[in-house]
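Inspection log for the structure reproduced underneath, given as structure tokens.
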Amino acid sequence: MKSICVYCGASPGNSPLYAEAARQLARAMVETQIDLVYGGGNVGLMGIIADEVLRLGGKVTGVIPHGLVERELAHRSLTELHIVKDMHERKAKMASLAEGFIALPGGMGTLEELFEMLTWSQLGFHQKPIGLINVNHFYDELLGFLQHASASGFIKPSHITLLHHADDAHALINTFCTIGATEL
Ligand code: AMP
């Protein structure tokens, strides 16, 4: 696996554990020579993971719509920065550049991006691995809700398993590398 797209908050969250998880994911990716693709911003967990990958000598590609260049303070020291027309182009570009997708803690933007990749996967538009890092039980309720939706007959059991999750980055990257070898 050569590149992973990471979705995460444009805010840092209110615990240092979130920033630490972003740095840990950066380390796990650089150690396994996986490039970072992300939203191109310099704020919140987005800025933290980009800075850490760059600091460790890894490659970072950002994709940001021109309307957010000022608001999310486009990161100006990336290996590559694509400035695109709108949010749709941003997500499509990020998806095409990456071989897998990981969500760290974040808000509605992070959830929207994660679920778009899940729905595209369940419809068979791609077979790239998708996972989230459940830092400090951040995603427990979301995972519980997905089980509830499945038990209620709205998500097939085979589609629930499309979303991998782990408490830490190394475990998730290992899973991705194993799946990537068989599925991609
Ligand atoms: P958040 O998780 O809400 O802090 O947002 C994280 C990132 O998702 C930010 O870069 C937002 O600009 C981005 N985002 C929010 N909504 C969308 C969307 N509909 N399409 C693409 N990116 C989005």
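The values are calculated or read from the model by the stated rules, or taken from the named source; none is laboratory data. Computed from a prediction, not measured in an experiment: that's the story for all the values here. As a convention, Cβ positions derive from the backbone with ideal geometry for all residues, glycine included, and neighbour counts pool all protein chains shown. What goes into the accessible areas is simple: the full protein's heavy atoms, side chains included, and nothing from ligands, DNA or RNA. Shrake-Rupley method; radii C 1.70, N 1.55, O 1.52, S 1.80 Å.
Structural remarks
- Every pair of residues 6+ apart whose Cβ atoms lie under 8 Å, when the first sits in region 84-101 and is at negative phi and in contact (Cβ under 8 Å) with a residue 12 or more places away in the chain while the second is part of a loop (DSSP other than H, G, I, E, B) and within 11 Å of the ligand (Cβ to nearest atom): R90/G39; M94/G39
- Which listed residue, of G47, G109, G58, is in contact (Cβ under 8 Å) with a residue 24 or more places away in the chain and not in a helix (DSSP H, G or I): G58
- Contact annotation: residue pairs with Cβ atoms under 6 Å, 6 or more positions apart or on different chains, pairing a residue in region 64-80 that is among the polar types (S, T, N, Q) with a partner that is open to solvent by less than 30 Å² (accessible area, probe 1.4 Å) and modelled with pLDDT of 90 or more, are T79/V60.
- Look at (1) surrounded by fewer than 17 Cβ atoms within 10 Å (Cβ to Cβ); (2) over 30 Å from S158 (Cβ atoms); (3) among the small types (G, A, S) and you find that G47 fails only one, number (1).
- Between S15, S11, the distinction of being away from the ligand (no atom under 11 Å from the Cβ), surrounded by fewer than 23 Cβ atoms within 10 Å (Cβ to Cβ), in contact (Cβ under 8 Å) with a residue 12 or more places away in the chain and of a type in the set (G, A, S) belongs to S15 only.
- The residues of region 34-44 that are within 13 Å of the ligand (Cβ to nearest atom), of a type outside the set (A, V, I, L, M, F, W, C), under 13 Å from the mean Cα position of the chain (by Cα) and assigned to a strand (DSSP E or B) amount to a single one, Y38.
- Selection count, region 94-119, where residues are within 21 Å of A26 (Cα to Cα), surrounded by fewer than 22 Cβ atoms within 10 Å (Cβ to Cβ) and more than 10 Å from the ligand (Cβ to nearest atom): 4
- Within region 50-72, the set of residues being surrounded by 18 or more Cβ atoms within 10 Å (Cβ to Cβ) and at pLDDT below 95 comprises L68, E72.
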